[in-house]
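Undergrad: Let me begin by handing over the structure; questions about it come next.
Values in this text are rule-based calculations from the coordinates and carry no lab data. Note that the structure is predicted; figures quoted are calculated from it, not measured. In this analysis, Cβ positions are derived from the backbone assuming ideal geometry, glycine residues included, and neighbour counts consider all displayed protein chains.
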Amino acid sequence: MINRIRARRAFYVTLLVLLILTFSFGQTLFKTRAGLRQQPAPPSVTISIEQQTRRNIGALFDKLRAGTPVTIAYLGGSITAGAGASNPEKSSYRALVTEWFRKNYPKSEITELNAAINSAGTSGSSLYGTLRARRDLIAYKPDLVFVEFAVNDTNEDETATKKAIEGLLRQLLIVSQPPEVVMLYAANAKRNVRTEWHDAIAAHYQVPSLDLQNRLWAMIDAGRIKPADIWPIATRKDSVNPSDTGHKLYADFITSFLSEQEKLKASPIPRTLPQPLVSDEMNYGEFKAIVEIKSERGPGRGTAKERNASWRIESTSDRTLPTGLLASDKAGAQIEYYFEGTVIGISYRTGPDGGIFECLIDGKPAPAPMARVDCYSGAPRMGARIIAGGLGLGEHKLTIRVLGEKNARSSGNNVRLGYLLVGGTRPEKL
């Protein structure tokens, strides 16, 4: 009997303790929750342009799955041309990516359009690429365009580069059936490629991009690969063009991106373009072979060669230049052309015997970089100088004059002119 009473008392004591603990815990929990409710709400997060979701290229894969013929285009500089690869048509990133498409979609006829120029400086930059896009790219109506200029633009002017990329994207996206576009940002051994210049424009137009520089250097930093594997000592003078290993890594990054993209539902085709982020001064580009331009004013109509014995015509097999070059080594030899546009440029042939010429616009020294042009180089190649806007609307007169001067290392005063490059704001239609 006594044991039962003790047991009952122990039970009630235990129950009382549990009730007290439960009550105390409830009070504490209530105060904690009340305190949390009284704390200020976190500040709202503003998502920047760069953080917004961009278009995907799912429409391309819809075509491929349907067995539709597709054209894959590559617009860029020396890396896209395949420089550094042992065989540009087999081991470059361009060749490997095209092969990925053909292997994964054998029922679709895949055409590769190589619109790259194996050149450094302005001739391999987005400035030149934008002006030639209509001729070398858009005319072929590609379904997908890879754009790779970031490395070549490293030493260019930021505003001019942004104008060029904006003009290029507006040209590509304004056509009735715009291609899918992917921006590629390759790397160099100096790790100083200004990818943000390109990506600010790409983000504005919701164009997807792939930062190959960040991915490659992440592998280097992790010790998974050495810089010398990408840029061998023998070729590191320019520290840009990758070896076969580098091209293979670029291709792997790109095909991994493509494998993710092919799973996505296609983004709708954009029917309108946003207002320009920087400028629309380069939404049009035109090339005119200088030997073929005829004077429409002044005494003596016809081409410069027909009007002036100081000029001669030289032939060239360089595909980046017209087959005929207007050439002279006579001091004072001069030509004048009238054009409409706010962007003007000129391409020319450099070489060991190159001289110097000057340009005037509307009778005044042209702005940099066209004021004075040195045509000397150790080996023949194509050069270009472009004024990326700011000339004002309306008609202008360009004067090109041979100075009869030369670089101290040059063996001659020869000036060889290729194309006149004209661009600016035109109705955005082709």
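Undergrad: Eight or more residues apart or on different chains, and alpha-carbon atoms under 23 Å: count the Lys pairs in segment 180-280 matching that.
TA: Value for segment 180-280: 6.
Undergrad: Something else now. Please state the charge dipole magnitude for segment 83-223, taken about the Cα centre, from unit charges on C-beta atoms (+1 on K and R, -1 on D and E), reported in debye and rounded to the nearest 20.
TA: Dipole magnitude for segment 83-223 comes out near 260 debye.
Undergrad: If you take every residue apart from Met183 with its C-beta less than 11 Å away from the C-beta of Met183, what net charge results, scoring Lys and Arg +1 and Asp and Glu -1?
TA: So the surrounding residues net to -2.
Undergrad: Report the number of Lys pairs in segment 285-423 whose alpha-carbons are under 20 Å apart, with separation of 8 or more residues or on distinct chains.
TA: 8
Undergrad: Counting only the backbone N, which residues of segment 365-402 are under 20 Å from the spot 7 Å out from the Cα of Asn155 toward its beta-carbon?
TA: Once the point is set 7 Å along Cα→Cβ of Asn155, 368-388 turn out to lie under 20 Å by backbone N, inside segment 365-402.
Undergrad: With θ taken as phi - 60° and the coefficients 6.51, -1.76 and 1.60, list the Karplus ³J(HN,Hα) couplings across segment 124-138 in order, rounded to whole Hz; mark glycine and proline as x.
TA: With the stated coefficients, segment 124-138 comes to x, 8, 5, 4, 5, x, 5, 5, 9, 4, 4, 7, 8, 10, 5 Hz.
Undergrad: Across the Cα atoms of segment 285-423, what radius of gyration and what greatest pairwise Cα-Cα distance (Dmax) are found, in Å?
TA: 14.0, 41
Undergrad: How much length is gained if the chain between Asn407 and Ser310 is pulled fully straight, taking 0.36 nm per residue apart and subtracting their Cα-Cα distance, in nm to one decimal?
TA: Between Asn407 and Ser310, full extension yields an extra 32.8 nm.
Undergrad: Now, a different point. Between Ile225 and Ser259, what is 0.36 nm times their sequence separation minus the Cα-Cα distance? Round to one decimal in nm.
TA: Result for the pair: 9.9 nm of gain on full extension.
Undergrad: For segment 374-430, what is the per residue volume of the convex hull drawn over the alpha-carbon atoms, in cubic angstrom?
TA: Considering the Cα atoms of segment 374-430, their hull volume per residue is 128 Å³.
Undergrad: Among 57-67, 129-139, 145-155, 268-278, how do they line up from the highest to the lowest mean number of other beta-carbon atoms within 10 Å?
TA: 145-155, 129-139, 57-67, 268-278
Undergrad: Can you tell me how much longer the chain between Asp353 and Ala331 gets when fully stretched, taken as 0.36 nm per residue apart minus their C-alpha distance, in nm with one decimal?
TA: In short, 6.5 nm is gained.
Undergrad: Note the direction-averaged projected area, equal to a quarter of the hull surface, for the Cα convex hull of segment 52-210, in nm².
TA: 9.1 nm²
Undergrad: Taking one equal scatterer on every alpha-carbon of segment 207-276, how large is log10 of I(q)/I(0) by Debye at q = 0.18, 0.27 1/Å?
TA: Values, matching the q order: -0.79, -1.27.
Undergrad: Would you pull out the residues with amide H under 5 Å of Phe149's amide H, same chain only if 5 or more places away, H placed 1.01 Å from N?
TA: Hits under the 5 Å cutoff: Leu184.
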